[in-house]
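Reviewing the structure listed below.
Derivation of every value follows stated rules applied to the coordinates shown; laboratory data play no part. Computed from a predicted model, the values in this text were never measured in an experiment. Glycine also receives a Cβ, built like all others from the backbone with ideal geometry; neighbour counts cover every protein chain displayed.
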């Protein structure tokens, strides 16, 4: 059965030409299966920091609005590289940039940590749905937003995950896929604890607790903006986009401090 996937590629995954090609090939594989795909990309690893330094060198007292205008260029660069790579593989695709008419992520005016306006995003996402219906893969800038007045914003830490969650919600996607530089979500930080155990399945409550306690694999805003009951799959780079990894299922039901959430509470240690 055909599925609609919103797939987000993080900056730690998009690090060089080989990784862009492997990521684009993974998207093509899903298209060849008959699935529909919307791609969300982060800036290449290191680009955002370089752009922040550039903005501050231009104006040491740069406003947050000025920073947002400059910083988002990293995601635009990634979109252009990703679409070019998809086209080289014969995949029909289109760039979705903050200045385009099809731009779907509309936010408030809080520069540096803007909040998406879901009802408006849902209306704007109809243009993305039309592209999908035409057999085109939209490639969207993560992390970046635009106000109703047309000024650029950024969504703060984990912003590309937030962008992907908003799109998955508004498009009623079957699955949100987060491509990371890890193979699974673990009970503890595997870089710090040798006894960290991989988890193939998590409830939304467990994943939310993990995010709130400092787990860097996903951001808690995913659960604020994602559709209730949306399945979320976290997979490693180069993997199958619709299989494997850690799958997060269900809706938020418990208080984050609940003692029932024992498997991931170890992230506190």
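Which order results if 148, 167, 212 are arranged by neighbouring Cβ count within 10 Å, fewest first?
148, 212, 167
In nm, to one decimal, how far is the residue 132 label point from the residue 4 one, both placed 7 Å along Cα→Cβ?
0.3 nm
Taking only the alpha-carbon positions of the stretch 4-268 and ignoring solvent, what does the Debye formula give for the base-10 log of I(q)/I(0) at q = 0.07, 0.13 Å⁻¹?
For the requested q values the scattering log ratios are -0.23, -0.81.
Quick one: of the DSSP bridges fully inside the chain, what percent are antiparallel, nearest 5?
Counting only bridges with both partners in the chain, antiparallel ones make up about 25 percent.
Order by neighbour count: 193, 9, fewest other Cβ atoms within 10 Å first, most last. Walk me through the intermediate numbers first.
Working: 193 14, 9 28.
The order, fewest Cβ neighbours first, is 193, 9.
Which of rounded, prolate, oblate describes the stretch 1-148, given a ≥ b ≥ c as roots of the alpha-carbon gyration tensor eigenvalues and a/c under 1.5 marking rounded, otherwise prolate only if a/b is larger than b/c?
Oblate shape, in that a/c is at least 1.5 and b/c is the bigger or equal ratio.
Simple spin-label model, 7 Å along Cα-to-Cβ: residue 12 to residue 243 in nm?
2.5 nm
Would you compute, from DSSP H runs of 4+ residues alone, the mean residue ellipticity of the chain at 222 nm, taking -39500 (n - 2.57) per run and dividing by the full residue count, rounded to the nearest 500?
Calculated at 222 nm, the ellipticity per residue is -10500 deg cm²/dmol.
Roughly what would the spin-label model give for residue 65 and residue 110, points 7 Å off Cα along C-beta, in nm?
It is 1.8 nm.
Using the per-residue mean of other Cβ atoms lying within 10 Å as a proxy for protection, in what order, highest first, do the peptides 93-99, 169-175, 71-77 fall?
Per-residue mean Cβ counts within 10 Å order the peptides as 71-77, 169-175, 93-99.
When a footprinting reagent is the concern and you count Cβ atoms within 10 Å, what order do 146, 157 take, fewest first?
Ascending number of Cβ neighbours within 10 Å: 157, 146.
Over the alpha carbons of the stretch 1-63, what is the largest minus smallest coordinate on each principal axis, giving the biggest first in Å?
Taking max minus min along each principal axis of the Cα atoms, the stretch 1-63 gives 54, 25, 13 Å.
When the chain is fully extended, how far beyond the present Cα-Cα distance does residue 148 get from residue 251, taking 0.36 nm per residue of separation?
Using 0.36 nm per residue and subtracting the Cα-Cα distance, I get 34.0 nm.
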